[in-house]
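Okay, so here's the structure we're looking at.
Derivation of every value follows stated rules applied to the coordinates shown; laboratory data play no part. For clarity, every value in this text was computed on a predicted model and none was experimentally measured. Every residue, glycine as well, gets a Cβ built from its backbone with ideal geometry; the counts of neighbours run over all protein chains shown.
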Amino acid sequence: MSQRQVLQVFEQYQRARTQFVQAVAELASRSQNIETLQNAGVMALLRPLLLDVVPTIQQTAALALGRLANYNDDLAEAVVKGDILPQLVCSLSEQNRFYKKAAAFVLRAVGKHSPQLAQAIVQCGALETLVICLEDFDPGVKEAAAWALGYIARHNSELSQAVVDAGAVPLLVLCIQEPEIALKRIAASTLSDISKHSPELAQTVVDAGAIAHLAQMILNPDAKLKRQVLSALSQIAKHSVDLAELVVEAEIFPVVLTCLKDSDEYVKKNGATLIREIAKHTPELSQLIVNAGGVAAVIDCIGSCRGTVRLPGIMMLGYVAAHSENLSMAVIISKGIPPLCTCLIEENEDHIKAAAAWALGQVGRHTPEHARAVAVANVLPILLSLYMETHSSEDLQVKTKKALKNILQKCTYLPALEPLLHDAPPNILKHIVGQFSKVLPHDSKARRLFVTTGGLKKVQEIKAEPGSLLQEYINTINNCYPEEIVRNLMLCSCWCSCALGMFNKFAVSFITEDCFSSYLITV
Amino acid sequence: MATLARLQARLPALREECFRRNRSVDEYRKKEYKAAVKIQSWFRGHRVRAYIRYLNNVVIIIQKWWRGYQGRRYFRKMVATAYFIMKMNFYNEMAVRIQKRWRGYYVRKYNYNYYALKKYLEAISVNNEIVRNELKEYAEMKEKEKKKEDLEKKEKEKDHQARKMHYLLSTEQIAGVYNSPFRKSPDPMELLLRKSKPLSHKQQPIKNHLIGELCDWSNRSRSLTCPTAQPLPPIGRQKPQGPFRDTAEVLRQRYKPLEPTLRVAASINSLEKAREEIKREEWRNRIHDNEFLPFSSYHKNEKYDPSVHRSSKYGQETYGIKHFREVQPKKWIADKVNTFTKVRENELEDIFKYKSISVNEALAGS
C-alpha cells in the first residue's frame, strides 16, 4: 500500500515536471511570452531538468532552452554563463536522436547571436560532438548538427577554421548528397558560410569535392535549395581566379541562366551574384559568360526585378563592360543600356543608383562609339541631375561624377552634350567644353548647329580664369568662328549678365540673329 | 829751350786740356756708349726680327700645309658620316613605310579585325536571341507546370472537402445546401458531392502520437520530422528485442578505416620501382656515364668528338686560328717534299713491279 503511495508521489512529481516543461516549451515558441518567462527565472528552473532521469523531460527541457536562447542574445549568454553547454555537449554523444536534435538546436540558438557566444561553444568542445552527429543515421540529427555548425561558422574566419579543423567539411559534402531536401539546404548553407571568409577555407571546401555536387543541384526544382546552392557557389568563386575557373569547369553555364528566370526573387539574386563573382576576375571569364549568352539573361533579369534583387545583375554588367571594349560593345548590342537607365530613374535606394551609374560609366568609357551609344540613350542629363541633387548620398555623387567624367572624355556626340552646357557645374563643364573644343575645329556642320542652338552664346557666358584649361578650350572654340560673331555674342552675354531691360535684350538678340544668318550663309 | 818753355807754358793748358778732354771724353763716353748701344741694339733687333720673320713664314707654311691636311681629312670624315646618315635616314624611312604597311595590315587582320569583331558581335546578338527564346520557353514551361500544380492542388482540396462534407448531399426529400430548388441546375459542388466517396474515420491524420517525439515546430517545416515523402511500412509492430550494441560502437566498427599490413600496402611492383629508384639515384649522382675501364690503352686511340656548334655539312669550322692551335698536317710542306719523292718512288716501284724493269731504267724512262 504505502509503496504504491510512495510511487504515486513520484509519478505525480514526474507528471508535474513533464507538464511544466512542455508548457514552457509551448510558451517559449511565442515571442511575447519570453520576457515574462525570463523575468520568472525560467533558466534556473530548466537547468536541473536537463539532468532529469526521464528522457522526455530532458528533451523537452532542451527544446525549451533552445527556443529561449533563440530569441535574443541575453538569454543565450545566460545559457552560456549557466554552464549548461558542457552538460549538453557530454550528453550529446550519448543520448538518443531526439535529444541530439534538441541539444543541437540549443547550440545553434546560442551560437547564432555573436562571435563571442560561438567562441564559447567552440571552447567547450562542442564541435567534435557536432561533427559526430553529422555521421548519425537520422537526417534530422544531421540537419540540426549542420545548422549549428553553419551558424557558428558564419561569424568570422577563425570560427570557420575551427569548424573545418573539426573535420566537418567532408561530412557536409556527404550530407549534400542525401535525398532529404531540408538536409541538402542546410548543408549547402553551411558550406556557403564556411567558404565565404577566406580563399583557404574555400579551397578546403573545394578539395572535399563540393563543387560537382553543388553544380548538380542547380537543376533541383526546390527554390530554397537553389538559393543556398547558388550562394555557396558564389562564395567559393568570389575569392580568386582559380576558384572561379573551377566553378566554371563544373559546367554551370548555361544551366545557371535558367535560374535567372526562376519565379523566386532570391534565386534570381543569388544566380546573378554567382555570375557576377565569376565575371569580375578576368576578361576571359567574362568572355566565356558573354559567349554563353549570360549577358542577355542578366539584362532580362534586371528588367524583370525591382529593388536590391537587381543589384548583383547591375554590378555584373559593370564588371563585364569594365574589362575590355569588345565586351563593353557586347553589352551594348545586347541592349544593356535601357535597363540600366531605367534603374537610375526608377530606383529609390541610393546604392543601387550608384551601382547603375558606375556600370554605365564602365560601358561608355572606352571609345567614342561606346560613349555615343550611352549618350544617345539620354543617360547624361540623368547622371548630371543625380550629381547635382542635394539629397544624393556622397557615394552616389562620387560615382555619378566619375561616370560622367569617363563618358564625357570620350563623347563626340554633340547633340547629347548641348543640353549639359546649360546646367553643368564648373568641374563637369570643363570636360564638356573640352569635348566641344576637340570636335568643332574639324566639323563645319557641327559649328553651324552649335551657333544656332545657342551653345556659343552659352560658352561666352562662362567665366574662366585666364590660363586655366577651361580658358584654353574656350579660346579654341572662339577661334573657330569669325571675330564679329564672337564679339557680338560676348557683348550679348555681357549685357545679359548685366541684366538690362527686356527691350535691349531683344534688340541685341535680333542683331545677333542677323549676324548669325549672314555668317551661316557665308560658311 | 824754348820748346820746353813753350811746353811748360802749355802745361797748365795741357793739364786743363787733358782734363777737359778727359772730361769731355767722359761726358761723351756715356753718350757715345749709349749711342753705340742704341745702334747695336737696333741692328741686333733688326737681325733677330728678320730671323723671326723668316721663321714665322716658314712655320706658317708648315702649319698651312698641316692644317690643310687635317681639315681635308676631317672634311672627308664629315662627308662620309653625312653620307652615312643620309643613307640611314633613307633606309629608315623606307623601313618605316614597310613597317607601317605591315603593322597596319597585321593589326587590322589579327588584333583588331573589324570584320571579325563585327561578326562576333552579330553572333553574340544571335546567341542572345536564342538564349532569350530558350529562357522564355523555360519560364513559360515552369509557369504552366506551376499552374497545373495549383489547379491539381485545388482539385484535390475540393475533392477532400467534398468527401468530408459528404453529409451535405441532397436527398429525394430534402434538397441539400448546394442544390437549391431555385437554381436551374445543381451547383458543381453538389455534383462533386454526388461523385465522391465518403471519408472514412480511419484516415484522420494522427496528430498526437508525437508527444514523446520532439520537433522544432516553430523553426522548421514539417517535412523535417518525416523526411521521406512516403511513410515507411510498419515492421510488424513488434519491437526487436534488445540488448543492442551502442550506436557509436557499431558505427565505429562499420566505418573502421582500413589498416592494411605492410605487404598489402606496398604495391605489387614496388620492388621494381625501388630498384629503378636506386638506379635513377645513382645515375643522377654520377658525373659522367663512361664505364670505368681499367685498361689504360683504351683511352689512347680515342676519337675526337667535335663540337656540334662548329660542325656543319662541309666539315668543321675552326674556333679561330689566333688562340687555338690547329694542326693541319696535310698542309705542311716540309713533309710533302719527302712524300713527293716517296710518292714518286712508290709509283716507280709499282711500275717496276708490273713491268719488271729496273729502278734506274724506270727513273731514266719516266
In the neighborhood of A:Ala187, defined by Cβ-to-Cβ distances under 9 Å, what is the net charge if each Lys or Arg adds +1 and each Asp or Glu adds -1? +1
All aspartates and glutamates inside 15 Å of A:Lys438 as judged from Cα atoms, apart from same-chain residues fewer than 8 positions distant: A:Glu418, A:Glu472
Report Rg (one decimal) and Dmax (nearest whole number) for the range B:72-142, counting Cα atoms only, units Å. 28.8, 98
With viscosity set to 1.306 mPa s at 10 °C, what whole-number translational diffusion coefficient in µm²/s follows for the range B:35-168 from Stokes-Einstein and a Kirkwood radius over Cα pairs? 58
So, with points 7 Å from each Cα along the Cβ direction, the B:Asn285-B:Lys303 label distance in nm works out to 3.4
Where a Cα-Cα gap under 26 Å defines reach, which lysines qualify for B:Lys164, not counting those fewer than 8 residues away within the same chain? B:Lys147, B:Lys148, B:Lys153, B:Lys154, B:Lys156, B:Lys184, B:Lys195, B:Lys197, B:Lys202, B:Lys207
Between A:Ser393 and A:Val241, what FRET efficiency follows from the Cβ-Cβ distance if R0 is 41 Å, with the result rounded to 0.05? 0.80
Which FRET efficiency value, to the nearest 0.05, do you get for B:Asp246 and A:Val53 by plugging their Cβ-Cβ distance into 1/(1 + (r/R0)^6) with R0 = 22 Å? 0.65
Counting only backbone N atoms under 16 Å from a point 7 Å out along Cα-to-Cβ of B:Glu129, the residues of the range A:322-362 in range are A:333-335
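For A:Val255 and A:Glu484 in the same chain, what is the full-extension length gain: residue separation times 0.36 nm, less their Cα-Cα distance, in nm?
75.7 nm
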When A:Phe436, B:Phe292 are ranked with the fewest other C-beta atoms within 10 Å first, the list becomes B:Phe292, A:Phe436
The simple spin-label model distance between A:Ser468 and B:Trp332, using points 7 Å out along Cα→Cβ, in nm, is 9.4
Selection of GluC sites (Glu not before Pro), the range A:232-281, meeting DSSP coil and at most 15 other Cβ within 10 Å: A:Glu251
Using 0.36 nm per residue, how much length does the chain from A:Glu349 to A:Glu94 gain when fully extended, once their Cα-Cα distance is taken away? 86.6 nm
Could you line up A:Met315, B:Met141, B:Met189 from fewest to most neighbouring Cβ atoms inside 10 Å? B:Met141, B:Met189, A:Met315
What trypsin sites (Lys or Arg not before Pro) does the range A:5-114 have in DSSP loop regions with at most 13 other beta carbons within 10 Å? A:Arg30
Put in order of increasing Cβ neighbours within 10 Å, starting from the fewest, A:Thr56, A:Thr308 give A:Thr308, A:Thr56
Roughly how compact is the range B:104-203, stated as its Cα Rg over 2.2 N^0.38 Å to two decimals? 2.45
For the pair A:Ser2 and B:Thr81, the simple spin-label estimate (label points 7 Å beyond Cα toward Cβ) gives in nm 13.4
Taking N as the number of residues in the range A:268-360, what value does Rg over Cα atoms divided by 2.2 N^0.38 Å take? 0.94
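Translational diffusion coefficient, Stokes-Einstein: compute it for the range A:26-123 using the Kirkwood radius over C-alpha pairs as Rh, at 10 °C and 1.306 mPa s, and state it as an integer in µm² s⁻¹.
Values: Rh = 13.1 Å.
In µm²/s, the coefficient is 121.
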If the viscosity is 1.002 mPa s and the temperature 20 °C, what translational diffusion coefficient in µm²/s does Stokes-Einstein give for the protein assembly as shown when Rh comes from Kirkwood over Cα pairs? 52
